[in-house]
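**Student:** Structure incoming, see below.
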Amino acid sequence: QLNVVWLRNDLRSFDNAVLSSAAEDGARTGAVVIALYIATPKTWQLHDMAPIKQDLIRRRVKQLQQELATLNIPLLAVEGSSYQQIPAVFKQLGQHFLLKVFVQSEYELREQQRDNAVDQAVLALNGQFIRFDTQCIMPPGSVRTQQGDIYKVFTPFKRSWLAQLKQHGVSCYARPKPVAQVELKLPDFPPLKAGDNSSAEWPVAEQDVLQLMRAFCREKVQDYQTARDFPAIEGTSKLSAYLAIGVVSAAQCIARLQLEAADSWQQDKSGAEVWLSELIWREFYKHILLAYPDLIKHQPFQAETAAIRWSNNPLLFKAWCDGMTGYPIVDAAMRQLNQTGWMHNRLRMITASFLVKDLHIDWRWGERYFMSKLIDGDFAANNGGWQWAASTGTDAAPYFRIFNPVSQSEKFDPNGDFIRFYVPQLSKLQGKAVHWPHGAGTANGYPAPVVDHGEARKHTLALFAEVKKKA
Ligand code: FAD
């Protein structure tokens, strides 16, 4: 028997239910354990996965190959193309071995179809396909109201989630012990290709990533509640890329948080409690995604908002993508995204709001653009964030609450340091001019504002009023 740990968004050896269970089963039954990763660049493209995220995955898989070698678990890293091709890989393995396949469940549509197809293929070979619901601490579907319904609002969801945490605690799987070394002849598959190295600034060794997480919990989390809103400060964990592909798990983050911030982690509005809330938002959006599969087809959660008559001006969209809107905070943020593959959360909210409520462009254009650039691109969080900002989602910002990009800039980048860093044309401006350089005569080739915020705001209110009236 061959126990196959089919890795996807769980690229780690600590707290990996799938790996630990396969190893334990192997020790008991004498089955040989291997890990498997199959790259699917065609499907990644279909999902608009950013090249920098693809590179991070490729680098991480190669690194994990070395890490698992110390456990005597070979990682078969295969260069595939699309999900459709994956059952054939298992059929080929199944010609030589009786298969027991271990996977972590995924909730997006194509991923569920892919897993069902592989499940059937493995079953047809008399093998077993075993799923573990470990992407979240509380598996999607498990946090419900007393009536058994899914929560549509975050605060009661969080309350119920915390009650479950109190009841069950949080536990992590130990890294498996080395398994017996076996000489194994595996079929030949095309080996995983190297990436373009665009993610080189992001470490990929598991110990390095765990160190980052531990250092954040030890040194930064106590100030998180205030520091997290200022993009010029490194006040957040920057773990999103690793959580998205599972180099670190949410359970590991919370276990460490409890340890480092034992006396404050449940204190209302302490840094630790606010950070915990963000990890619960991550779970909330995955719960919502599983319960409302239409979201995966990019439908708005509030159905009436599907009728909003967006202007979808391609020139304005291009100005937004390029960071050339004439609104410094928006432009600095978009340039951060384009240059680094990551954007600060406050700026994701500001730029998303600006695209939808100042430029009147369909939120799905922005959702897609973000996905194509983000190193931490995650369907549930990205869709949830966009629908929140566009006021089309569950527990979204009310449509009449419209960010003023200039006051947001003055509030969250008070000295203009972040703007000056990413918009060199404005680097010499001092004082308030950096937030609104127009008329200062020193704009240095910096574009004039592409819209008037006051006018744009009125138009947004009218667009929403039109669909709300009919609903
Ligand atoms: P921290 O502040 O340290 O938070 C810790 C972790 O909690 C994050 O790493 C992330 O896993 C989770 N988290 C934090 N905020 C949220 C949130 N609002 N929703 C869900 N999970 C959250 N996050 C992604 O991981 N992938 C995305 O594709 C993504 N797209 C977004 C799009 C928009 C329009 C918005 C408004 C938010 C989006 N977010 C996304 C959420 C959030 O902006 C990022 O998770 C955060 O900026 C990552 O930085 P960090 O790791 O330093 O976060």
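The values are calculated or read from the model by the stated rules, or taken from the named source; none is laboratory data. In this text the structure is predicted, and so the values were computed from the model without any measurement. Backbone-built Cβ (ideal geometry, glycine too); neighbour counts: all protein chains shown.
**Student:** Of all residues in region 134-149, which are in contact with a helix residue (DSSP H, G or I) (Cβ under 8 Å, 6 or more places away or on another chain) and buried (at least 17 other Cβ atoms within 10 Å of the Cβ)?
**Tutor:** Taking region 134-149 as the starting set, the residues that turn out to be in contact with a helix residue (DSSP H, G or I) (Cβ under 8 Å, 6 or more places away or on another chain) are 134-138, 140-145.
Scanning region 134-149 gives T134, Q135, C136, I137, M138, P140, V143.
**Student:** Another question, then. Looking at (1) surrounded by fewer than 15 Cβ atoms within 10 Å (Cβ to Cβ); (2) in a loop (DSSP other than H, G, I, E, B), which is the only condition R131 fails?
**Tutor:** R131 satisfies every listed condition except (2).
**Student:** Just give me the residues in region 383-402 being surrounded by 21 or more Cβ atoms within 10 Å (Cβ to Cβ) and within 11 Å of the ligand (Cβ to nearest atom), in sequence order.
**Tutor:** N383, G384, G385, W386, Q387, W388, A389, A390, G393
**Student:** Looking at R368, R335, R348, can you tell me which residue is more than 9 Å from the ligand (Cβ to nearest atom), part of a helix (DSSP H, G or I) and closer than 24 Å to P140 by Cβ?
**Tutor:** Details: R335 fails: closer than 24 Å to P140 by Cβ; R348 fails: more than 9 Å from the ligand (Cβ to nearest atom).
Residue meeting the stated conditions: R368.
**Student:** So, restricting to strands (runs of 3 or more DSSP E) that lie completely within region 1-93, which ones have at least 3 residues that are touching a Phe, Trp or Tyr at 6+ places or on another chain (Cβ under 7 Å)? Give the steps one after another, and end with the answer.
**Tutor:** Details: elements: 2-6, 32-39, 75-79.
Where strands (runs of 3 or more DSSP E) fall fully within region 1-93 and carry at least 3 residues being touching a Phe, Trp or Tyr at 6+ places or on another chain (Cβ under 7 Å), they are 2-6, 75-79.
Okay, residues lined up against (1) near the ligand (Cβ under 8 Å from one of its atoms); (2) surrounded by fewer than 20 Cβ atoms within 10 Å (Cβ to Cβ); (3) within 24 Å of E201 (Cβ to Cβ):
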site: V248; (1), (2), (3): no, no, yes
site: I254; (1), (2), (3): no, no, no
site: L257; (1), (2), (3): no, no, no
site: E278; (1), (2), (3): yes, yes, yes
site: L289; (1), (2), (3): no, no, no
site: D294; (1), (2), (3): no, yes, no
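**Student:** Let me ask something else about it. Considering each of K158, K91, K100 in turn, give the residue that is surrounded by fewer than 17 Cβ atoms within 10 Å (Cβ to Cβ) and modelled with pLDDT of 95 or more.
**Tutor:** Numbers: K158 fails: surrounded by fewer than 17 Cβ atoms within 10 Å (Cβ to Cβ); K100 fails: surrounded by fewer than 17 Cβ atoms within 10 Å (Cβ to Cβ).
Going through K158, K91, K100 in turn, just one is surrounded by fewer than 17 Cβ atoms within 10 Å (Cβ to Cβ) and modelled with pLDDT of 95 or more: K91.
**Student:** So A215 fits all but one of (1) within 28 Å of E108 (Cβ to Cβ); (2) of a type in the set (A, V, I, L, M); (3) free of Cβ contacts under 8 Å to residues at least 40 places away in the same chain; (4) more than 9 Å from the ligand (Cβ to nearest atom); what number is the exception?
**Tutor:** With respect to (1) within 28 Å of E108 (Cβ to Cβ); (2) of a type in the set (A, V, I, L, M); (3) free of Cβ contacts under 8 Å to residues at least 40 places away in the same chain; (4) more than 9 Å from the ligand (Cβ to nearest atom), A215 is out only on (1).
**Student:** Related question: Taking the conditions exactly as written (more than 16 Å from the ligand (Cβ to nearest atom) and not assigned by TED's automatic domain parsing to the domain that holds V89), does P140 satisfy them or not?
**Tutor:** no
**Student:** Now, a different point. Can you tell me which of A380, A433 is part of a helix (DSSP H, G or I) and away from the ligand (no atom under 14 Å from the Cβ)?
**Tutor:** Among A380, A433, only A433 is part of a helix (DSSP H, G or I) and away from the ligand (no atom under 14 Å from the Cβ).
**Student:** Sort out which residues of region 1-26 are in contact with a strand residue (DSSP E or B) (Cβ under 9 Å, 6 or more places away or on another chain) and more than 25 Å from R58 (Cβ to Cβ), and write them in order of number.
**Tutor:** Passing the criteria: Q1, S21, D25, G26.
**Student:** Search region 355-375 for residues that are in the same structural domain as G393 (by TED's automatic domain parsing) and in contact (Cβ under 8 Å) with a residue 60 or more places away in the chain and pair each with any residue that is within 12 Å of the ligand (Cβ to nearest atom) and among the acidic types (D, E) when their beta-carbon atoms are under 7 Å apart and the residues are at least 6 apart or on different chains.
**Tutor:** Short answer, once both residue conditions are applied: R368/D48; M371/D48; S372/D48.
**Student:** Hey, G326 hits all of (1) among the small types (G, A, S); (2) over 30 Å from R420 (Cα atoms); (3) surrounded by 13 or more Cβ atoms within 10 Å (Cβ to Cβ) but one; which does it fall short on?
**Tutor:** Against the list (1) among the small types (G, A, S); (2) over 30 Å from R420 (Cα atoms); (3) surrounded by 13 or more Cβ atoms within 10 Å (Cβ to Cβ), G326 comes up short only on (2).
**Student:** Might you check whether a residue that is more than 30 Å from P156 (Cα to Cα), in a helix (DSSP H, G or I), touching a His at 6+ places or on another chain (Cβ under 6 Å) and of a type in the set (A, V, I, L, M) occurs anywhere in region 454-462?
**Tutor:** No.
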